[in-house]
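J.: Structure in structure tokens, see below.
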Amino acid sequence: MNVSEHDHEAVRGLPEPLPAGERLLWQGAPAWCVLALEALHLRKFALYFAVLLAWRGADALQAGASLPGALWTAAGVLPLALAALALLAGFAWLVARTTVYTVTDRRVVMRIGVVLSVTFNLPFSSIESASLRLRGDGHGDIALVLSGRDRIAWLHLWPHARAWQLRRPQPLLRALPEARRVAQTIADALAGAAAQASSPVPAAADGVPGQIGLPTTRPLAA
């Protein structure tokens, strides 16, 4: 029988059952292949190793080696390159497997962590704004800007953090399949929460009513 460290969870991705009246709207996790390419820069590392192999081969040719000999010299780096790329891909798979993003009608919850699992509870009252970066294949990232003095250390969030936002880290729901639909779910939930609190509800950036704007044209750093 397979036993998981999360088997004790009352609800998948949540440390305890939802309070009475709170509704689960959506749960999901990053797509590991997109996470590997975007967050761990697998493509860039592959290009780096390809350049390194080509440089070693060209250097051997210039030193007088035959073509087979130059190829053999270049291939000496290949095991290291493949091992490094496999480690990055494996880590991305583990991150995706151990991550659960949850959206209810009151909050966003992020259960993250490969070795040590932690759960961040983000009530809608703590979310100032958000933005969506949508890719052509439908995957995307949703960055959450926390209001007031609410802060989560960037290193505690990584790789679920927007790049280069070190002074004011922004939690990031990364590599989401059907990211536009998830963004709309968050916008609608925030609008409903704002209405229940009898608060003014400004228009979202893309014309959807809600407390949160989710523009698809505003770029985020990968």
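The values are calculated or read from the model by the stated rules, or taken from the named source; none is laboratory data. Everything numeric here is computed off the predicted structure, so don't read it as measured data. Using ideal geometry, Cβ is built from the backbone for each residue, glycine included, and neighbour counts are taken over all protein chains shown. Keep in mind that these areas ignore ligands, DNA and RNA; they rest on the heavy atoms of the full protein, side chains included. Shrake-Rupley method; radii C 1.70, N 1.55, O 1.52, S 1.80 Å.
J.: Take ARG180, ARG168, ARG174, ARG107 and sort them by solvent-accessible surface of the protein heavy atoms, 1.4 Å probe, largest at the top. Could you put the intermediate results ahead of the total?
T.: Details: ARG180 130, ARG168 80, ARG174 10, ARG107 35 Å².
Result, largest first: ARG180, ARG168, ARG107, ARG174.
J.: Still on this structure, please answer the following. 5 Å is the cut-off here: which amide hydrogens, built 1.01 Å from N in the peptide plane, fall below it relative to SER117, excluding neighbours closer than 5 in sequence?
T.: Close amide H contacts, sequence-distant or interchain: none at all.
J.: What does the charge count around GLY192 come to, taking other residues whose C-beta lies under 11 Å from its C-beta (Lys +1, Arg +1, Asp -1, Glu -1)?
T.: Numbers: positive: ARG23, ARG106; negative: ASP105, ASP188.
Net charge in that neighbourhood comes out at 0.
J.: Another one. Could you work out the pair-distance distribution P(r) of segment 1-156 from its alpha-carbon pairs, with 5 angstrom bin width and percents rounded to whole numbers?
T.: All Cα pairs, binned at 5 Å, distribute as 2, 7, 12, 14, 14, 13, 9, 7, 6, 5, 4, 3, 2, 1, 0, 0 percent.
J.: Roughly to the nearest percent, how much of the accessible area of segment 55-160 is carbon and sulfur, given a 1.4 Å probe? Could the numbers behind the result be given before it?
T.: Details: 3560 of 5410 Å².
For segment 55-160, the apolar C and S fraction of the accessible surface comes to 66 percent.
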